[in-house]
Every structure is written in structure tokens, then in C-alpha cells.
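Inspection log for the structure reproduced underneath, given as C-alpha cells.
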Amino acid sequence: MNPVYFVPLLLLTGCSSVTIDEFRQGSTSLNSGESIVILGRRHANNYETEPSLINCLQETMADKGLKVIPEQEFLDEFYPFFEPRTAPLNLPGINKLRGQDKLAERMSQKNLRYLIWVDGNTETTSSVGSISCALVPGGGCLGFGSWDDEAGYESVIWDLKREVVAGRIHTSAKGTSYMPAVVIPIPLLAQVESEACKGLGNQLSEFFQPQGEPSHGLQN
Amino acid sequence: MTRALLLLVLCLLLGSCSSSFRVKSQVPQPLVQQMPITMGTYYPVELRHYRYEENNEAREDWDIEQGDAHMQMFSRVLSGMFKNLVELSAQSGSADLILTPVVEEFQYTVPRETRSKIYEVWFKYHLQLHEGNGRLVADWFMTSYGKTPTAFSTTDADGLELAIQMALRDAGAKLLMDFSRVPEIRQWMEQNLNQHTLAIRGEKQ
């Protein structure tokens with residue numbers, strides 16, 4: 001069979017959908033020189049917010065001209081205050097931390113205005129089908145599999161200057177991936193995490209532009 | 001050639017051929033107010049050469065060399081906590097206090113054992129704090145925990161190493177936050193550090 005026939009198949013992906021709900025408390029904007037940091041919550045014992053999602057959000061927002069401090073750089077420079085064991089869970093917690101002179105001084109050096117916590121993950125919720133492969137010369141695979149991935153991320157935006165929760169954004173995404181196998185398996189993957197990142201990243205970027213009316217229930 | 005290829009495929013299917021590795025500490029310099037005392041460290045042979053060798057036949061044959069990583073973590077954290085840090089060869093010497101850490105226990109789980117998608121690691125440290133003259137000030141245990149999801153690693157060795165890195169960071173964070181909350185250490189500090197120093201560190205209201 002001509003390999004060219006496989007190219008369109010490889011370009012196909014599974015389907016996915018993203019839903020975003022935003023709650024904004026008052027106006028938000030970022031003054032010149034002020035920076036943002038996006039941190040993943042890692043204190044739950046059965047999942048972790050993926051660093052890949054946080055990196056993706058950071059890149060999406062940086063592309064829109066926002067000054068975003070990379071997560072690992074922030075965690076290292078503020079060690080040990082934002083580790084899973086020690087990270088403040090609410091605003092009073094971070095206000096108490098700011099009583100530490102060195103920490104307050106570094107926050108000021110970084111001109112840190114907003115801290116965004118992202119909590120959630122992407123996981124496979126169900127799968128059906130089976131694929132059998134023979135590991136012998138002339139063998140191959142035969143079968144069909146499909147699985148559903150679901151993502152749920154809750155973002156909370158802390159305004160460190162006004163000492164308030166500036167807003168919350170809930171993002172959910174789901175998608176189904178397929179893998180037909182006739183001799184070779186052909187994965188048609190739903191990019192659930194990256195779709196969630198794209199939707200949330202754009203929404204967060206809009207969040208820091210001055211707006212008159214809050215937006216609700218956006219569908220991507 | 002065919003045999004080598006089959007061996008490679010078998011190794012890939014099993015997840016990893018290498019079950020021994022050496023851990024490096026990546027704990028950063030802490031952002032805390034230093035205490036104006038000289039802290040000594042005494043790293044006994046058990047810590048210096050600490051390695052985990054798996055004895056359970058049902059598990060993979062791990063040999064994880066960790067001694068350097070633990071020493072690096074303690075030295076990095078203590079150098080941030082105290083004005084001066086010296087390494088000593090005994091539990092007494094020219095220092096206000098001397099910390100002796102030992103890894104008492106190391107435990108881990110890999111995803112196929114727990115049916116979760118997470119590598120987990122626990123450390124239990126036995127810590128002793130002496131004055132320079134050898135008098136024991138405090139003797140306590142400290143635990144730390146690290147985890148990493150399977151998605152971040154390609155092999156069990158990668159997953160365990162990342163989880164150990166996280167557990168070392170956690171141990172450093174716990175030592176930094178809880179050191180002066182150990183009752184005997186708190187009492188020593190109240191007797192030996194002035195009120196101004198305690199106030200700077202937020203130890204005294």
C-alpha cells in the first residue's frame with residue numbers, strides 16, 4: 001500500500017470540546033512592569049496539576065504580551081514557601097507569609113501583582129475495545145480501541161496588591177480518542193489538555209485587559 | 001542481531017533495564033532570615049554512603065545511591081538557615097549547635113503496585129542536635145514525602161528519581177519550617193538567642 005494514503009489519517013485527531021466559566025470580581029488590569037505567576041496545586045495525594053499545562057498557559061499568556069514568571073523559577077526563588085506542604089491555601093495565608101521580610105522584598109523585586117493557582121488534571125475516564133499484536137516477522141496488529149479523556153481545572157486569581165480574590169475561572173474539556181489497527185495502529189488522539197490550555201490561556205489573557213462587563217459561560 | 005533486537009524490545013516492554021541510579025539533590029537556596037549562630041553538621045557514614053538495595057524478590061532489583069543527595073540537601077538548607085555552617089567529623093566541636101542526620105527508613109511505591117498513576121517516596125530521618133560541647137539538645141524524627149505522576153517519566157527509574165527529588169525538597173521545606181518548633185530547640189533558642197533575633201524570624205510575638 002502506498003504510504004501516502006496514511007498521511008491524511010495521521011493528520012486526523014479525535015474530537016474534543018471545552019467549556020469555560022468565569023467569575024470576575026471588579027476590574028482587573030496589569031500595569032506596566034507588573035508580573036504574574038501561574039502555579040499548579042500539588043497537595044492532593046491522588047493527582048497533580050500537570051507542569052506541562054502550566055508551561056502551556058505561561059507561554060500562551062506571554063505570547064499576548066503579559067509578563068509571566070516561569071513556575072519552576074518562581075518555586076526555586078521562593079523556596080520553601082510554595083512547596084506542596086507549605087503553599088498558602090488562601091489569601092490570609094499569603095498575607096501572613098508576606099510578613100517575612102525576605103519574601104516580601106523578593107516579591108517587590110519581581111513586581112509580582114497576580115498569583116494564579118490552577119488546580120485539576122486531565123485523566124482517562126473510560127476505554128473500550130481491544131487491539132491484538134503479534135511480535136513475529138510478518139505479524140501486525142488488528143482491532144479497535146477508543147477512550148475518553150476529561151479535564152477539569154479550577155483557577156483562582158489572587159490580586160496581591162489589593163489583597164483580594166480577583167476572579168475564578170473553571171475550565172472543563174472532554175474528548176474521545178480512537179485507535180483503529182489494521183497491521184499498524186493509527187492513533188487519532190483528542191488533544192484534551194492542550195485544548196483546555198488554549199481555552200484557559202486565552203481567557204486568562206483577556207482577564208487582565210480592562211473590561212466593562214464580566215463574561216460568563218463562554219463556549220469554545 | 002535478531003537476538004539483540006528481541007532483547008531491546010523485551011527491555012522496552014518491561015519498562016526499564018537499568019534498576020540502579022544515583023540521585024542528585026536539586027534543592028534551591030532557601031529564602032529565609034538567617035539565625036546568627038554557627039551550625040555544625042556531622043554526616044555519619046550511614047548517611048554518607050546511604051543507598052537503598054531492594055531485598056524483596058517480588059519487586060524490581062533497585063540499587064539507589066542517595067548519600068550525596070541527602071548531604072547536599074542538608075548543607076544547602078542549613079547554609080540558608082544559619083549565619084555560619086561548618087562540617088565536622090564528630091558530634092562535638094567548634095559550633096554552637098551540631099546537627100546529625102541519618103536516613104532511618106526509605107519506602108516507595110510504583111504505579112503497578114498501587115494501581116494509581118503516581119510514583120511515591122517517603123523518607124524518615126532521625127535527627128539529633130548537640131551543643132558544641134557534646135550535650136544533646138534534641139532528638140527527633142522527621143518524615144518527608146514526594147510524588148510524581150507517570151505522565152512525567154518514561155521509565156520506573158525516571159519516575160522514582162523525580163519522586164525522590166520531590167521528597168528531598170519536601171524534607172528541606174519541613175526542616176526550614178519546623179526546626180524551631182521542636183520544643184527542645186525552641187527552649188534552647190529562647191535561652192541562647194536574644195529577643196530581637198527571635199522577633200526577626202517571627203518566632204516570638
Using only the Cα atoms of the range A:34-128, build the gyration tensor, take square roots of its eigenvalues as a ≥ b ≥ c, and label the shape rounded, prolate or oblate: rounded if a/c is under 1.5, else prolate if a/b is larger than b/c, else oblate. oblate
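Treating the beta-carbon of each Lys and Arg as +1 and of each Asp and Glu as -1, no other charges, what is the dipole magnitude of the protein assembly as shown about its Cα centre, to the nearest 20 debye?
Computed about the Cα centre, the dipole is about 800 debye.
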In degrees rounded to 10, the 0-90 angle between helix A:101-110 Cα long axis and the longest Cα principal axis of chain A is 60
Normalising by the residue count of chain A, find the relative contact order in percent from Cα pairs under 8 Å and 6+ residues apart. 33
Diffing the range B:157-165: the Karplus 3J(HN,Hα) column from phi (6.51, -1.76, 1.60, θ = phi - 60°), in whole Hz with x for Gly and Pro, holds 4, 4, x, 5, 4, 5, 5, 5, 4
Unsatisfied cross-links (Cα-Cα over 21 Å) in the set A:LYS161/B:LYS83; A:LYS102/B:LYS24; B:LYS124/B:LYS174; A:LYS110/B:LYS83; B:LYS24/B:LYS124; A:LYS174/B:LYS117: A:LYS161/B:LYS83; A:LYS102/B:LYS24; A:LYS110/B:LYS83
Placing unit charges on C-beta atoms (Lys and Arg positive, Asp and Glu negative, everything else neutral), compute the dipole magnitude of the range A:111-220 about its Cα centre in debye, rounded to 20. 180
Within 10 Å of each Cβ of A:98-107, how many other protein chain Cβ atoms are there on average? 2
Near A:ILE20, within a Cβ-to-Cβ distance under 12 Å, what is the net charge of the other residues, with Lys and Arg +1 and Asp and Glu -1? -3
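Where nothing but the Cβ of Lys and Arg (+1) and of Asp and Glu (-1) is charged, how large is the charge dipole of the range A:3-219 around its Cα centre, in debye to the nearest 20?
Values: 17 positive and 26 negative charges, 84 e Å.
It comes to approximately 400 debye.
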Placing +1 on the Cβ of each Lys and Arg and -1 on the Cβ of each Asp and Glu in the protein assembly as shown, which of B:THR155, B:SER79, B:TYR42 has its Cα farthest towards the positive end of the resulting dipole? B:SER79
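For every helix of n ≥ 4 consecutive DSSP H residues, a contribution of -39,500 (n - 2.57) applies; sum these over the protein assembly as shown, divide by its total residues, and give [θ] at 222 nm rounded to the nearest 500 deg cm²/dmol.
-9500 deg cm²/dmol
Let me make sure I get this right: for the protein assembly as shown, a, b and c are the square roots of the gyration tensor eigenvalues over alpha carbons, sorted descending. Under 1.5 in a/c it's rounded, otherwise prolate if a/b > b/c, else oblate. Which is it? Provide the component values of the computation, followed by the final result.
Details: a/c = 2.99, a/b = 1.30, b/c = 2.31.
Verdict is oblate for the protein assembly as shown.
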Cysteines having no other Cys beta carbon under 4.7 Å from their own, within chain A: A:CYS15
Where does helix A:51-63 land angle-wise versus the long Cα axis of chain A, in degrees 0 to 90, nearest 10? 70
Based only on other Cβ atoms within 10 Å, what is the fewest-to-most ordering of A:LEU53, A:LEU66, A:LEU91? A:LEU91, A:LEU66, A:LEU53
Which listed residue (B:LEU168, B:THR114, B:GLN187) has the Cα farthest towards the positive end of the charge dipole for the range B:26-195, taking +1 on Lys and Arg C-beta and -1 on Asp and Glu C-beta about the Cα centre? B:GLN187
What net charge is computed for the residues neighbouring A:GLN191, neighbours being all others with C-beta under 14 Å from the C-beta of A:GLN191, Lys and Arg scored +1, Asp and Glu -1? -4
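Read-outs: derived from the displayed coordinates by stated rules, not from any lab. Predicted, not measured: the structure shown is a model, and the values here were computed from it. Glycine gets a Cβ as well: all are built from the backbone with ideal geometry, and neighbour counts include every protein chain shown.
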